[in-house]
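The values are calculated or read from the model by the stated rules, or taken from the named source; none is laboratory data. Bear in mind the structure is a predicted one, so any value in this text is a computation, not a measurement. Cβ sites come from the backbone with ideal geometry, for glycine too, and all protein chains shown count toward neighbours.
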């Protein structure tokens, strides 16, 4: 009995040490986050009025009004900082949207439409989803994607987080595990059910009273893997944890949620993604952010996210059968070569090595392959304890404590 | 007389055409063609009509015209005799401008002869049509009716030509008597941008082969839109009419007279193509004006539903060039006979090859009108977006509780309330979007920027007005000012080849035929200041405007007799021309 208690105590101690270390490296980011939240409704209204005034003044001078947006698609506009991730530089290139050009006037009109909608929402202190805005004038926007992009552009242009624009987005992510919280409207959410997951809140900023005894957070790339882990009652078989999936490339709410949990709980966050370029990309988005949302990196990235697996080197180490591998497509190869140029990859030799291994293998485990190799997790599950340990002893996962904790608790 | 002149021109052009085919690629060599007629009609002491046709310069330097001379003299009517030009100075001036004389014939009709205005109008129209596809040749037409003189010069500047079929299509929209684009705040393009189609071989019906028409026949289409609105992408533009210009194998216009019925193939053309593909509801045959000052085409079609549009009306010029080659023809008479046979039976040939012609025209129209279709779609986008922009702007301003913001908005637009603000914003936005100017390399830009208070003519009247062709035409007609004349004078100094125009000029005006008419101070006179006896203090405008109508002119006294000659320089001396106004 004493041995068991001592073991659990050591385990918790190791986790606490890891938390403390991760926290130390995040101090700068927290300060930035605090600064970002100080945008009042009056600020939002003033900034929109400035944009409108600029247009009116242009017209009064007989000039065609234009809107200038920071370019959100160029790596040249992005800087990398290990504590923040990918963030937009101060001297960024801008995209000009003209009002007198047939190819851009639609964008110009859409932007103004969204701006006026936001203005009203902020004035009346009400919220609308991007879907609501789209259905307000489907002919103008053409597709939901246009609204998404326009809202992000406005957020970037006004330097205001989307939440402050009173624009919400329907979440696509799911969350489950040892977690209870309260929505802004007072609704209590309990994610402890072992069978069904809860949708990530569309108002993450409004979440309060988070209660959890989870020891770690597990980000799962794919919804299928996530469901499989739920079915296998992964949470109840291991130490208490929180599982979250953004169902592929994560939406803003899933990323905000991960960030919120980190800010509140300060527990290790592990990413379980496919051993292919897209898996690495998705894990990087949680950890370091994306180019298009780099202007809001401070509220979206969690640089403490750790790459659990499945590592490309595991494919060889675990002797995954060749017929269970799917060769890379040209898109995969192109993605890999783009990954190798990323600043965060070149700064981390272990990542770089794994990426190069990915290139050498030139294939990823097939989803429906026999022998339980359908997903990284099912792959892990089919392994014996020795191989599982080998998986956790990855060179990227440089935290022996975490490995120790997981190796002991994750005794599938 | 008209028939004779037409006959001479035809023989001349057939000779030049076949000579060019042998030489290959001499289409860009410049030169001139002179047609001069002098008539003393009933009531005058000497009742006669004299005519001169001359060709000079390098465009026909390789031709031998003995056959033409022979053909003409052999078929002369008894009342017509070969003589000398009545106005040697005129011929001399012509040679000075166009180069060495290559061909010349003068003839005289003695006794009472009927000279109707319609005859000369037809000659003028023939020469005009000829000039469109022989832009490398300056064509001079002079008509002296008793003491009244009327002159026309058809010339196109060197850089405004489009080489095609060994000749050049003139690309100056004014050559086609078409209005230029509406005056705007920026430069305008007064040029056509022809799109050549693919030459389509035509099959000869058996009956024609049996009649002796042999060789290969093909149809080369080319099209151009006028006015060019490429530099003003946001101007609403709409195709208003289509004009067909049909040219025979020697690039001679077919010129269906008003009395003649147009080719049935051309009448069916309205139903031949699927117009909806080109964004048009349909076309219908229209009346071809044969009045003076109108360009005669073989067929005119009006685009249905274009009458009520406020958009800039565009004309589609559709050139159809027939090409014929018969290796067994070598004599001028053979060429003329086969060409006549071809032209007489053209309708049957076109009907026989209806599908081929349809495919060729469809493909060409797709290329030519694709830009118009894109423009229509762009216009639709603009029209859909502008109300959204305006309502969004008004919405924010109206619902704002910031006094400073609202006041600044109202003050900047110089309005009292938000309702006025909405109206003013709409006007301002429409103006800035419509007047967008995009310089294009292929377009010639005529800057119209008005220096403040200089009183120059520009499009400022249209600044807030919808773009209407009628308005612009009105503006053009009133835009012939002194600057314009000055430019033409400098143009003349460089022999019509000047590419740099330093003086400000009015776009869409300078190249208008009426401007041509007005700018000549004498018969083919090089420059105003070179005219002895013409006082610098004379009202130039009076001198210029006089030429648009026949004007009396006193001729030099030292005229020399010029006899029929060809090949080589004429023994002409420079004569001085005096202009009285």
Self-check item: Answer residue from the range A:48-59, given it is surrounded by fewer than 17 Cβ atoms within 10 Å (Cβ to Cβ) and in contact with a helix residue (DSSP H, G or I) (Cβ under 9 Å, 6 or more places away or on another chain) and is farthest from the other protein chains (Cβ to nearest Cβ) among those
Solution: A:50
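Considering only the range A:78-100, how many residues are out of contact with any strand residue (DSSP E or B) (no Cβ under 7 Å at 6 or more places or on another chain) and within 14 Å of chain B (Cβ to nearest Cβ)?
So the count comes out to 1.
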Quiz item: Just one of the numbered conditions (1) in contact with a helix residue (DSSP H, G or I) (Cβ under 8 Å, 6 or more places away or on another chain); (2) within 22 Å of residue A:285 (Cα to Cα); (3) not assigned by the TED database to the domain that holds residue A:303 is not true of residue A:145; which one?
Solution: (1)
Quiz prompt | Hits in the range A:60-77 - residues which are more than 7 Å from chain B (Cβ to nearest Cβ) and farther than 13 Å from residue A:158 by Cα | solution = A:61, A:65, A:66, A:71, A:72, A:73, A:74, A:75, A:76, A:77
Quiz item: With A:227, A:182 as the choices, which residue is more than 21 Å from residue A:287 (Cβ to Cβ) and in contact with a strand residue (DSSP E or B) (Cβ under 7 Å, 6 or more places away or on another chain)?
Solution: A:182
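Residue by residue, here is whether (1) within 14 Å of chain A (Cβ to nearest Cβ); (2) loosely packed, with under 14 Cβ neighbours inside 10 Å; (3) over 29 Å from residue B:15 (Cβ atoms); (4) in contact with a helix residue (DSSP H, G or I) (Cβ under 8 Å, 6 or more places away or on another chain) holds:
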{"position": "B:300", "(1), (2), (3), (4)": "no, no, yes, no"}
{"position": "B:305", "(1), (2), (3), (4)": "no, yes, yes, no"}
{"position": "B:316", "(1), (2), (3), (4)": "no, no, yes, yes"}
{"position": "B:324", "(1), (2), (3), (4)": "no, no, no, yes"}
{"position": "B:342", "(1), (2), (3), (4)": "no, no, no, yes"}
{"position": "B:352", "(1), (2), (3), (4)": "no, no, yes, no"}
Self-check item: Some residue of the range A:101-123 being more than 12 Å from chain B (Cβ to nearest Cβ), in contact (Cβ under 8 Å) with a residue 24 or more places away in the chain and more than 24 Å from residue B:375 (Cα to Cα)
Solution: no
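Taking into account only those residues within the range A:176-217 that are part of a loop (DSSP other than H, G, I, E, B) and without any contact (Cβ under 8 Å) to a residue 12 or more places away in the chain, which is farthest from residue A:242 (Cα to Cα)? Let's see the steps before the verdict.
Going through the range A:176-217, the residues part of a loop (DSSP other than H, G, I, E, B) turn out to be A:178-179, A:183-187, A:191-197, A:200-203, A:207, A:212-215.
Still in the list and also without any contact (Cβ under 8 Å) to a residue 12 or more places away in the chain: A:186-187.
On the way: A:186: 22, A:187: 20 Å.
Per the stated criteria, the residue is A:186.
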Practice problem: Keeping to the range B:304-328, report how many residues are modelled with pLDDT of 90 or more and within 28 Å of residue B:218 (Cα to Cα). | Solution: 8
Quiz item: Is it the case that residue A:140 is closer than 25 Å to residue B:434 by Cβ, at the interface with another protein chain (Cβ under 9 Å from one of its Cβ atoms) and buried (at least 23 other Cβ atoms within 10 Å of the Cβ)?
Solution: no
Quiz prompt | Residue satisfying condition, being in a helix (DSSP H, G or I), more than 9 Å from every other protein chain (Cβ to nearest Cβ) and surrounded by 14 or more Cβ atoms within 10 Å (Cβ to Cβ), within set B:370, B:392, B:363 | solution = B:363
Practice problem: State whether the residues of the range B:150-162 include one that is in contact with a strand residue (DSSP E or B) (Cβ under 6 Å, 6 or more places away or on another chain), at positive phi and either surrounded by fewer than 21 Cβ atoms within 10 Å (Cβ to Cβ) or outside the structural domain of residue B:59 (by the TED database) (or both). | Solution: no
Quiz item: Somewhere in the range B:64-73, is a residue in a loop (DSSP other than H, G, I, E, B) and modelled with pLDDT under 70?
Solution: no
Exercise. Output the residues belonging to the range B:106-149 that are at pLDDT below 85 and in a loop (DSSP other than H, G, I, E, B).
Key: B:111, B:112, B:113, B:114, B:115, B:116, B:146, B:147
Quiz item: Quick check, is residue A:158 closer than 21 Å to residue A:206 by Cβ, more than 14 Å from chain B (Cβ to nearest Cβ) and in contact with a helix residue (DSSP H, G or I) (Cβ under 8 Å, 6 or more places away or on another chain)?
Solution: no
Quiz item: Can you tell me which residues in the range B:378-389 are more than 13 Å from residue B:429 (Cα to Cα) and more than 8 Å from chain A (Cβ to nearest Cβ)?
Solution: B:380
Self-check item: Qualifying residue in the range B:250-264 (condition: in the same structural domain as residue B:332 (by the TED database), crowded, with 20+ Cβ neighbours inside 10 Å, under 15 Å from the mean Cα position of the chain (by Cα) and under 15 Å from residue B:440 (Cβ atoms))
Solution: no
